[in-house]
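> Below is the structure I would like to discuss, written out as structure tokens.
The values are calculated or read from the model by the stated rules, or taken from the named source; none is laboratory data. Here the structure is a predicted model, which means the values were calculated and not measured. Methodologically, a virtual Cβ is constructed for each residue, glycine included, from the backbone with ideal geometry; neighbour enumeration extends over all protein chains shown.
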């Protein structure tokens with residue numbers, strides 16, 4: 001896992017005022033399951049409890065990632 005700027009370039013945590021140890025070894029898991037009929041189930045397993053993720057802003061980050069993913073997928077569907 002790493003931080004990036006709006007163009008996807010890797011940004012060191014220290015540049016954002018975050019200690020590297022805060023994310024070192026932290027992994028999230030995203031599982032995509034084909035349900036058929038053009039439907040996909042997404043399961044997201046974060047690296048910290050939900051309440052902690054809400055308080056730290058991590059949940060907001062997850063939602064931003066999922067919103068961006070939805071936009072990319074919508075663009076791909078329109079391009080067909």
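> Could you grab the pairs with beta carbons closer than 8 Å, sequence gap of 6+ or different chains, first residue in the range 17-42 and closer than 17 Å to residue 69 by Cβ and not assigned by TED's automatic domain parsing to the domain that holds residue 74, second one assigned to a loop (DSSP other than H, G, I, E, B) and modelled with pLDDT of 75 or more?
28/46; 28/47
> OK, next. Here's a check for you: in the range 1-15, which residue that is within 19 Å of residue 68 (Cβ to Cβ) and out of contact with any strand residue (DSSP E or B) (no Cβ under 6 Å at 6 or more places or on another chain) is modelled with the lowest pLDDT?
Step one: list which residues in the range 1-15 are within 19 Å of residue 68 (Cβ to Cβ), which gives 1-11.
Now drop any that are not out of contact with any strand residue (DSSP E or B) (no Cβ under 6 Å at 6 or more places or on another chain), which leaves 1, 6-9.
Details: 1: 63, 6: 78, 7: 84, 8: 82, 9: 87.
Checked the range 1-15; the qualifying residue modelled with the lowest pLDDT is 1.
> Return the pairs, sorted by first residue and then second, in which the second residue is surrounded by 11 or more Cβ atoms within 10 Å (Cβ to Cβ) and part of a helix (DSSP H, G or I), the first residue lies in the range 54-80 and is not assigned by TED's automatic domain parsing to the domain that holds residue 18 and modelled with pLDDT under 90, the beta carbons are less than 7 Å apart, and the residues are 6+ apart or on different chains.
Cβ pairs passing all conditions: 59/53.
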